[in-house]
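The values are calculated or read from the model by the stated rules, or taken from the named source; none is laboratory data. What you see is a predicted model, and the numbers here were worked out from it, not measured in a lab. When we count neighbours, we look across all protein chains shown, and the Cβ atoms used for this are built from the backbone with ideal geometry, even at glycine.
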Amino acid sequence: MNSPRRVLVTGGAGFIGSSVVRHLLEDPDVEVLNFDSLTYAANLLSLQCCADNPHYRFQRGDICDLEAVQQAFTEFHPTHILHLAAESHVDRSLTGPEAFIKTNVLGTGVMLQVARDYFDRLSSEERENFRFLHVSTDEVFGSLGDEGQFQPDTPYDPSSPYSASKAGSDHLVRAWGRSFGLPVLITNCSNNYGPCQFPEKLIPLMILNAKEGIKLPVYGKGDNVRDWLYVEDHARAIWSVAQNGKVGGTYLVGGEEEHTNLDVVETICNILDEEIPHAEIKDRKSLIEFVTDRPGHDFRYAIDSSATCKELGWAPQESFETGLRRTIRWYLENDAWLESIRSGAYREWMEENYAWR
């Protein structure tokens, strides 16, 4: 029997974090501590299937709270840290960058310092197995033109307060590895989509608006390009890197699925028209409304994840077509999850920005 791996996941009630937790708990030799402050985008209903699992526990805590983080390390005694907790919405970073600097930069600094102190107290055997994986974004690299893909050594050129804060946290992680010998790894991923994503992001927002026959706001001309990665494929990649990646390494994780924002929205409309025709709107693409582009909107992201695939044997299992259909069905079938977030500050924000009723 394998030695149990004790995985501390920060931000485990969020979109990607909850998918990671669910994936980890498929292995009976893994124990998970979900450390999450439960900000607006977190939802414990995303982990309802894990609640009674004896290998799962939850601790509400903020990564900026030194004592809470120390308590989590001391009581759980982790073998792996999967650091996903972050503020992640670009639009929100433009109107309130302070929260992004605090959580993404200062919070990561707290995590690293506690991890370093903890690592220094481990036995030599425990040190061999310990890993700190920081989950980041391809947005740290800035914008691409019509050609090319991001590589692990692509220079950083962030465009928004969000991507700048993630770039700063990436640099901190590398510095703790080089300065203090902390066994760190970094993943930079492309745009995720899938079940349990908070509906401020493009795909769930468009699914829900199109379902109800509400306008579909698309920035600019809709020609910005993103590489789309199904969240469960990303979860598998994260755990693969944490277990088998080379210490100090940077691993790019992409879906090999480049699509313009307009293509994404039109595909969602076509699938919904096919699966649940609207009584009054024959073609939901008529709901598309082009709106003023956001400041610093990067034109194109594309990731070359071939090195990750070759070294670790990982590859995406979902195409964009199959993943998007799975995602749409999930949002159509999970009213309880949706109702749990249709309240409070988020409802107010949605009504102001997108007329979500």
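With respect to His23, determine if the residue is of a type outside the set (A, V, I, L, M, F, W, C), buried (at least 24 other Cβ atoms within 10 Å of the Cβ) and in contact (Cβ under 8 Å) with a residue 60 or more places away in the chain.
No.
I'm trying to understand the selection: among the residues of segment 301-314, which are surrounded by 15 or more Cβ atoms within 10 Å (Cβ to Cβ) and either aromatic (Phe, Trp, Tyr) or part of a loop (DSSP other than H, G, I, E, B) (or both)?
Tyr301, Ala302, Asp304, Ser305, Trp314
Find the residue count for segment 289-318, including only residues that are farther than 18 Å from Leu262 by Cα and either under 18 Å from the mean Cα position of the chain (by Cα) or modelled with pLDDT of 95 or more (or both).
Matching residues across segment 289-318 total 16.
Kindly list the number of the only condition in (1) assigned to a helix (DSSP H, G or I); (2) within 17 Å of the chain's Cα centre (by Cα) that fails for Leu133.
(1)
Among the listed residues Ile271, Ile281, Ile214, which satisfies the condition of being touching a Gly at 6+ places or on another chain (Cβ under 8 Å), more than 30 Å from Val9 (Cβ to Cβ) and among the β-branched types (Val, Ile, Thr)?
Only one candidate passes the filter, namely Ile281.
Residue-by-condition table, conditions (1) in contact with a Lys or Arg (Cβ under 7 Å, 6 or more places away or on another chain); (2) of a type outside the set (Val, Ile, Thr):
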| residue | (1), (2) |
| --- | --- |
| Thr95 | no, no |
| Asn104 | yes, yes |
| Thr108 | no, no |
| Gln113 | no, yes |
| Thr137 | yes, no |
| Glu147 | no, yes |
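At pLDDT below 95 and touching a strand residue (DSSP E or B) at 6+ places or on another chain (Cβ under 6 Å): which single residue out of Pro183, Pro199, Pro152 fits that description?
Pro152
Suppose we filter segment 110-143 for residues that are surrounded by fewer than 18 Cβ atoms within 10 Å (Cβ to Cβ) and within 24 Å of Asn192 (Cβ to Cβ); how many remain?
Going through segment 110-143 one residue at a time, the tally reaches 1.
Just to be sure before I move on: is Gly109 in contact (Cβ under 8 Å) with a residue 24 or more places away in the chain and over 22 Å from the mean Cα position of the chain (by Cα) in the structure I sent?
The answer is no for Gly109.
Picking from Asp157, Asp138, which residue would you name as being touching a Ser or Thr at 6+ places or on another chain (Cβ under 9 Å) and without any contact (Cβ under 8 Å) to a residue 24 or more places away in the chain?
Result: Asp157 is the single residue among Asp157, Asp138 that is touching a Ser or Thr at 6+ places or on another chain (Cβ under 9 Å) and without any contact (Cβ under 8 Å) to a residue 24 or more places away in the chain.
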